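Asker: Got a structure for you, questions after.
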Number of protein chains: 2
Amino acid sequence: MAMLSRILEPDSIAVIGASSNREKWGYRILRNIITGGYSGKVHPVNPNKDEILGMRCYPTVIDLPKGADLGIIVVPAPKVPLVLEECGRAGIEGIVIVSAGFSEIGEMERENRISGIAMEYGIRMIGPNTFGFINTHLNLNASIIPEMSERGGISFITQSGTFGLALVDWAVSQQMGLSLVVGVGNKADVDDSDLLEYFSADSHTKPIMMYIEGIDKGRRFIDVASMVKKPVIALKTGRSRAGRRATLSHTGSLAGTDRIYDAAFKQAGVIRARVIEELFDSAHALSMCKPADDGIGIISNGGGAAILAADLSEDLGLHLTDLSGGTIRMLKGVLPAIATPGNPLDTAGDASYDMFKDVLSIMLSDPGINAVLVIYVHAEMVDPCIPAEAVIDVRERCDKPVLTSWIGGKGLGTAIKLLKEKGIPHYPVPERAVLALNSLVRYKKILQNK
Amino acid sequence: MAMLSRILEPDSIAVIGASSNREKWGYRILRNIITGGYSGKVHPVNPNKDEILGMRCYPTVIDLPKGADLGIIVVPAPKVPLVLEECGRAGIEGIVIVSAGFSEIGEMERENRISGIAMEYGIRMIGPNTFGFINTHLNLNASIIPEMSERGGISFITQSGTFGLALVDWAVSQQMGLSLVVGVGNKADVDDSDLLEYFSADSHTKPIMMYIEGIDKGRRFIDVASMVKKPVIALKTGRSRAGRRATLSHTGSLAGTDRIYDAAFKQAGVIRARVIEELFDSAHALSMCKPADDGIGIISNGGGAAILAADLSEDLGLHLTDLSGGTIRMLKGVLPAIATPGNPLDTAGDASYDMFKDVLSIMLSDPGINAVLVIYVHAEMVDPCIPAEAVIDVRERCDKPVLTSWIGGKGLGTAIKLLKEKGIPHYPVPERAVLALNSLVRYKKILQNK
């Protein structure tokens with residue numbers, strides 16, 4: 001654990017294989033570290049250069065006057081064992097090997113060799129064949145991901161293949177608030193379980209999001225995941241016959257039948273997402289909301305949207321609470337005459353501040369309601385920030401989760417930004433909000449069984 | 001039918017209740033018609049004004065020197081019977097009543113009265129209580145929707161409540177290519193079935209998208225929908241117990257148990273979508289692609305993405321074709337050594353023009369393959385337009401459907417635009433592409449049973 005913090009929270013970094021050629025990873029990673037705003041020491045290492053990006057360049061890590069916490073290795077694969085050994089001799093105990101050309105192309109022996117060196121010197125190592133990592137809380141982009149992500153509470157452990165990288169890229173472009181993002185690569189040393197353990201103790205990490213193609217040490221994964229006191233949500237591919245066949249050829253390791261993963265996730269208390277949007281949307285809710293017991297409420301100014309959300313809720317097995325007599329009476333007191341109090345609740349077009357404030361407060365006060373989805377369907381001539389402000393104000397005085405979906409065309413941007421800033425999850429369609437809400441309920445059940 | 005074209009393809013329009021007050025619908029609709037670029041004649045009608053928006057204003061429709069094809073009524077509900085009668089006397093046979101205040105608030109008698117007037121004068125009428133309609137091929141935005149949609153092949157029939165309006169707003173903001181959009185309102189005369197019949201004959205309309213809360217004349221709907229020689233895809237709310245309960249209070253009419261709708265859609269050959277994204281995404285594919293027999297192929301440069309798509313395909317009951325021996329041999333000839341030919345097919349990271357062109361051509365030439373999903377996962381230092389161009393070039397010489405999903409962060413915009421311009425459906429996540437592909441297969445099955 002202490003060793004992993006050497007890698008993921010370094011005070012100083014050596015980029016071994018740093019380059020001034022813009023086409024090379026050795027340039028891009030160095031540049032990403034600098035432009036990300038990392039405040040620690042950064043040392044380019046390259047025997048053929050005196051200076052890169054205005055920084056003094058050292059021939060080898062052994063020449064570094066004060067060593068480094070972390071060595072990022074970007075040299076061609078055949079040279080990796082040599083420079084790794086030099087890192088060991090220089091006392092660098094945290095390593096990320098970005099270089100490819102190991103077990104993923106059948107070079108098992110080369111990979112075993114670096115594992116041996118790491119063990120010999122007591123090095124902890126992520127990779128090889130990884131895109132690197134991001135630690136937003138240190139402004140540290142030690143990866144080939146071109147854009148630094150927004151700071152937030154979600155940590156992400158992912159396979160490092162092209163798809164894993166594209167997923168991170170997507171998360172970044174969606175302005176998802178991330179804490180730590182790590183590409184596991186070939187897992188010659190550090191694997192998903194090690195990272196889970198580390199993230200579990202990390203103060204910035206709230207939920208942990210995982211993209212998994214296969215796990216080798218199943219027993220350890222279950223043991224570690226069971227101990228994590230944070231929500232873990234995983235997208236694991238290869239559920240299908242065709243998918244499993246392809247997994248076999250894709251990773252070169254047996255992915256196992258899917259039922260085993262299902263059972264393992266269940267035992268370990270991991271929430272399994274079926275599609276990309278469910279993974280990201282659930283992590284978004286889990287990073288902002290407390291888990292919730294079943295028993296949900298749905299409110300909208302447009303009846304159809306509320307009904308649609310109710311439909312999907314029931315599909316997922318969520319329970320729409322039958323409101324208490326007292327709640328119904330209170331709702332009658334504030335709703336327009338043409339609206340009928342109920343759940344889902346339709347305000348019959350009224351999206352005023354007072355209406356949204358009143359119905360949301362009343363619904364949240366019902367003891368059978370544990371979470372509420374508020375759907376605003378955009379009506380011309382209504383400022384969509386007004387119902388958003390009502391939700392924000394009510395939410396501040398209540399700790400039951402409130403999720404939102406503002407539906408309409410352009411012009412919703414400011415309202416959505418407002419909700420996000422106040423820590424209220426927002427989704428562009430109500431069905432995605434329902435799936436995320438379902439994850440809050442699933443996580444509560446997991447906690448009760450832990 | 002001829003009468004409906006008087007409404008939806010008018011040569012001249014009278015806006016009855018036109019206003020110069022920017023806060024009023026009577027202003028907004030007139031302005032939307034003008035700014036949309038409609039080239040027909042437009043006449044504001046208002047007894048209290050001489051001129052609105054620089055146009056001569058007439059006291060009543062009877063004063064219009066040459067009458068009008070279409071009258072759009074925006075006056076307060078109590079005045080509607082009078083102005084409708086004037087329309088009848090002036091020989092205006094196509095009417096849209098935007099005004100609310102009829103059966104939706106319990107004013108059945110008032111609604112019956114206007115139905116009687118319409119019948120007396122042989123008027124066809126959409127509404128009351130509708131947001132109006134858009135005909136992109138006439139640049140005609142005769143609605144309260146603030147933005148004109150892009151021109152395209154999808155026509156949309158929708159409930160006119162706030163949610164229906166927000167859905168249109170959303171479709172417009174998504175740059176969905178639309179032909180005709182009509183809000184049915186209270187259906188005092190023209191209903192979903194009449195519009196289906198009309199859209200069926202409309203040369204610009206390819207698929208027909210419907211958002212339905214309830215249908216009154218079920219038998220006629222089934223008869224009409226069965227005859228439509230275009231794909232019809234519908235989102236019908238109220239599947240759930242809670243949803244149905246709410247539908248009852250929302251529309252005031254019995255929505256019927258959901259199983260009846262399921263059976264009706266099946267009999268009528270209507271594809272039922274379960275969620276908003278499925279409705280829009282399927283219409284997008286159906287507007288650009290021919291229907292396809294089952295037997296699909298999946299290609300990606302990132303194995304995980306292909307497996308994810310394969311997983312969902314199997315969930316939906318789609319069949320991933322076992323490639324023929326000849327296809328496998330040809331694939332072996334072009335794939336990198338580390339890649340294994342199969343379906344889903346992983347190019348092992350290679351997203352070059354030649355690789356995408358070769359594998360897509362070969363897969364499409366397999367007689368067991370009826371449609372292909374191409375997934376590009378963005379790798380740094382690859383121009384995402386290059387694999388897009390490969391897909392475009394292959395697609396031009398083949399009429400099997402090809403759908404795409406380009407996954408990654410910013411910087412994919414140009415490639416996605418390119419695909420769209422060339423009529424290749426694109427989706428931001430592969431799972432949404434799979435759902436859309438499934439609709440192409442479902443529609444082919446419907447055609448075979450018609």
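To keep it simple, each residue is scored yes or no on (1) under 14 Å from the mean Cα position of the chain (by Cα); (2) at the interface with another protein chain (Cβ under 9 Å from one of its Cβ atoms); (3) closer than 19 Å to B:Ile276 by Cβ.
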| residue | (1), (2), (3) |
| --- | --- |
| A:Lys266 | no, no, no |
| A:Ile276 | yes, yes, yes |
| A:Leu279 | yes, no, no |
| A:Ser287 | yes, no, no |
| A:Asp293 | no, no, no |
| A:Ala305 | no, yes, yes |
| A:Asp315 | no, yes, yes |
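Asker: Touching a residue at least 12 places away in the same chain (Cβ under 8 Å), assigned to a loop (DSSP other than H, G, I, E, B), within 18 Å of B:Thr321 (Cβ to Cβ) and not assigned by TED's automatic domain parsing to the domain that holds B:Val232, is that true of B:Gly342?
Answerer: yes
Asker: Separate question: Under the condition of being more than 14 Å from chain A (Cβ to nearest Cβ) and either crowded, with 22+ Cβ neighbours inside 10 Å or free of Cβ contacts under 8 Å to residues at least 12 places away in the same chain (or both), which residue from the stretch B:224-242 is farthest from B:Asp169 (Cα to Cα)?
Answerer: Out of the qualifying residues, it is B:Ala225.
Asker: Can you tell me which residue within the stretch A:111-131, out of those that are of a type in the set (D, E, K, R) and more than 22 Å from A:Thr162 (Cα to Cα), is nearest to the other protein chains (Cβ to nearest Cβ)?
Answerer: Step by step, filter the stretch A:111-131, then rank; the result is A:Arg113.
Asker: Return a yes/no flag: does the stretch A:410-417 have any residue that is charged (D, E, K, R) and within 14 Å of chain B (Cβ to nearest Cβ).
Answerer: yes
Asker: Follow-up question, since we're still on this one. B:Ser39 - would you say it is assigned by TED's automatic domain parsing to the domain that holds B:Pro128 and in contact with a helix residue (DSSP H, G or I) (Cβ under 6 Å, 6 or more places away or on another chain)?
Answerer: Answer is no for this residue.
Asker: Let me spell it out: the conditions are (1) free of Cβ contacts under 8 Å to residues at least 60 places away in the same chain; (2) touching an Asp or Glu at 6+ places or on another chain (Cβ under 9 Å), and A:Ala18 meets all of them except one. Which number is the exception?
Answerer: (2)
Asker: Could you look through the stretch A:418-450, keep only residues that are β-branched (Val, Ile, Thr) and either in a loop (DSSP other than H, G, I, E, B) or surrounded by fewer than 16 Cβ atoms within 10 Å (Cβ to Cβ) (or both), and pick out the one that is farthest from the other protein chains (Cβ to nearest Cβ)?
Answerer: A:Ile424
Asker: Also: Please state which one of A:Gly71, A:Gly94, A:Gly67 is on the phi > 0 side of the Ramachandran plot and either in contact with a Phe, Trp or Tyr (Cβ under 9 Å, 6 or more places away or on another chain) or more than 14 Å from every other protein chain (Cβ to nearest Cβ) (or both).
Answerer: A:Gly67
Asker: Output the residues belonging to the stretch A:105-137 that are surrounded by 19 or more Cβ atoms within 10 Å (Cβ to Cβ) and within 29 Å of B:Gly408 (Cα to Cα).
Answerer: The answer is A:Met125, A:Ile126, A:Gly127, A:Pro128, A:Asn129, A:Thr130, A:Phe131, A:Gly132, A:Phe133, A:Ile134, A:Asn135, A:Thr136.
Asker: Checking A:Lys206 against (1) within 14 Å of another protein chain (Cβ to nearest Cβ); (2) surrounded by fewer than 22 Cβ atoms within 10 Å (Cβ to Cβ); (3) modelled with pLDDT of 95 or more, only one condition comes out false. Which one?
Answerer: (1)
Asker: Looking at (1) surrounded by 22 or more Cβ atoms within 10 Å (Cβ to Cβ); (2) within 13 Å of chain A (Cβ to nearest Cβ), which one does B:Thr340 not meet, given that it meets all the others?
Answerer: Exception for B:Thr340: condition (1).
Asker: For the stretch B:249-336, list the helices (runs of 4 or more DSSP H) that sit wholly inside it and hold at least 1 residues that are closer than 30 Å to A:Gly349 by Cα, in the same structural domain as B:Met209 (by TED's automatic domain parsing) and basic (Lys, Arg); which are they?
Answerer: Here the list reads B:258-268.
Asker: If I go through the stretch B:344-373 residue by residue, how many of them are more than 32 Å from the chain's Cα centre (by Cα) and more than 14 Å from B:Cys398 (Cβ to Cβ)?
Answerer: 11
Asker: Let me ask something additional. For the stretch A:379-415, enumerate the residues that are modelled with pLDDT of 95 or more, β-branched (Val, Ile, Thr) and closer than 22 Å to A:Ser361 by Cβ.
Answerer: A:Ile386, A:Val391, A:Ile392, A:Val394, A:Val402, A:Thr404
Asker: Report every pair of residues separated by at least 6 positions or lying on different chains whose Cβ atoms are under 6 Å apart, first residue within the stretch A:66-78 and not assigned by TED's automatic domain parsing to the domain that holds A:Ile134, second of a type in the set (Lys, Arg) and in a strand (DSSP E or B).
Answerer: Here the result reads none, with nothing in the stretch A:66-78 linked to a residue that is of a type in the set (Lys, Arg) and in a strand (DSSP E or B).
Asker: A further question on this structure: Report the residue count in the stretch B:87-105 for those that are free of Cβ contacts under 8 Å to residues at least 60 places away in the same chain and of a type in the set (Gly, Ala, Ser).
Answerer: 5
Asker: Can you run down the residue pairs with Cβ atoms below 6 Å, 6 or more apart or on separate chains, where the first is in the stretch A:164-180 and at the interface with chain B (Cβ under 7 Å from one of its Cβ atoms) and the partner is surrounded by fewer than 20 Cβ atoms within 10 Å (Cβ to Cβ) and not in a strand (DSSP E or B)?
Answerer: These pairs meet every condition: A:Val172/A:Glu147; A:Ser173/B:Lys410.
Asker: Any idea which of (1) within 13 Å of chain B (Cβ to nearest Cβ); (2) closer than 26 Å to A:Gly91 by Cα is the one A:Glu107 doesn't satisfy?
Answerer: (2)
Asker: Scan the stretch B:375-414 for residues that are assigned to a helix (DSSP H, G or I) and either surrounded by fewer than 24 Cβ atoms within 10 Å (Cβ to Cβ) or of a type in the set (Val, Ile, Thr) (or both) and jot them down.
Answerer: Hits for the stretch B:375-414 are B:Cys385, B:Ile386, B:Glu389, B:Ala390, B:Val391, B:Ile392, B:Asp393, B:Val394, B:Arg395, B:Gly413, B:Thr414.
Asker: Can you tell me which condition B:Ser143 does not meet? The list is (1) out of contact with any Asp or Glu (no Cβ under 7 Å at 6 or more places or on another chain); (2) within 11 Å of chain A (Cβ to nearest Cβ); (3) under 19 Å from B:Ala285 (Cβ atoms), and all the others hold.
Answerer: Of (1) out of contact with any Asp or Glu (no Cβ under 7 Å at 6 or more places or on another chain); (2) within 11 Å of chain A (Cβ to nearest Cβ); (3) under 19 Å from B:Ala285 (Cβ atoms), only one is false for B:Ser143: (3).
Asker: Continuing with this model, one more query. Looking at the structure I just gave you, is B:Leu364 more than 14 Å from chain A (Cβ to nearest Cβ), in a helix (DSSP H, G or I), touching a Cys at 6+ places or on another chain (Cβ under 8 Å) and under 23 Å from B:Leu437 (Cβ atoms)?
Answerer: When the stated conditions are applied, B:Leu364 passes them.
The values are calculated or read from the model by the stated rules, or taken from the named source; none is laboratory data. Since we're looking at a predicted model, the values are computed, not measured. Note that each Cβ is placed from the backbone with ideal geometry, even for glycine, and that neighbours are counted across all protein chains shown.
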